[in-house]
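Enquirer: For reference, the structure I am asking about is given below.
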C-alpha cells in the first residue's frame, strides 16, 4: 500500500508522509463528526401563560358569573310575580348620577356669568353720539344740495302726468329727424285737399 501512495507534496520519506497524512485525515474526520451547528435549530421555548391564557379564562368566568346573577334575579322576579301577583318594590331602582352636584354647580356658575355679561352689555355706553351723527348727516345733505343740479326732492315736485310726457318726448327724440320731417310733410299734403274742398263748398 505504501508503495502505491503518492504524497501531494514533495517529501524525503514517503512512509512517514503517509502516516502523517493519515493522522491528519482521521483528525479531520473526528472534527467533522463532532462539529456543532452555529445556528439554533431547536424548537422555540413554550411558555405556560401563552398556552393556558389565564386572562381569557378569567374574562369568561366573569361573564358567566354576570349571566348567572342576571338569571337568578330574573327567576326571583318571576317567582315573586307568580306567588304575589306583583313585583317586589325592592327591585325598583332610582336613577343616580355620580357628578350631579358638580353639573349643578357648573350650571349655576355659567348662568351667573351670563347674567353679569348681559348686565354689562345693557349698561355699556355707546362710543357714538347720536346728535353728532345727525349733525354730520345734515351737513352732508347741505353739501350735496350745493353741488347737485336738482334738489333732493325733485321727484316729489314733478306733476302726475310728467312720466307719460317724458316717455312721449323720449320716443320722439329717438325717432330720426328725416322720418319726422317726412311725416309732417305728408300730413300737410293730405290736409291741403280737404282745405281746398271746404273752400269750394263755401263759394
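The values are calculated or read from the model by the stated rules, or taken from the named source; none is laboratory data. Predicted, not measured: the structure shown is a model, and the values here were computed from it. We place every Cβ from the backbone using ideal geometry, glycine too, and count neighbours over all the protein chains shown.
Enquirer: In this structure, does residue 79 turn out to be without any contact (Cβ under 8 Å) to a residue 24 or more places away in the chain, in a helix (DSSP H, G or I) and out of contact with any strand residue (DSSP E or B) (no Cβ under 8 Å at 6 or more places or on another chain)? Break it down stepwise before answering.
Expert: Numbers: without any contact (Cβ under 8 Å) to a residue 24 or more places away in the chain: yes; in a helix (DSSP H, G or I): yes; out of contact with any strand residue (DSSP E or B) (no Cβ under 8 Å at 6 or more places or on another chain): yes.
So residue 79 fits the description; yes.
Enquirer: For the range 29-53, how many residues are modelled with pLDDT under 90, assigned to a helix (DSSP H, G or I) and either in contact with a helix residue (DSSP H, G or I) (Cβ under 7 Å, 6 or more places away or on another chain) or loosely packed, with under 10 Cβ neighbours inside 10 Å (or both)?
Expert: So the answer is 4.
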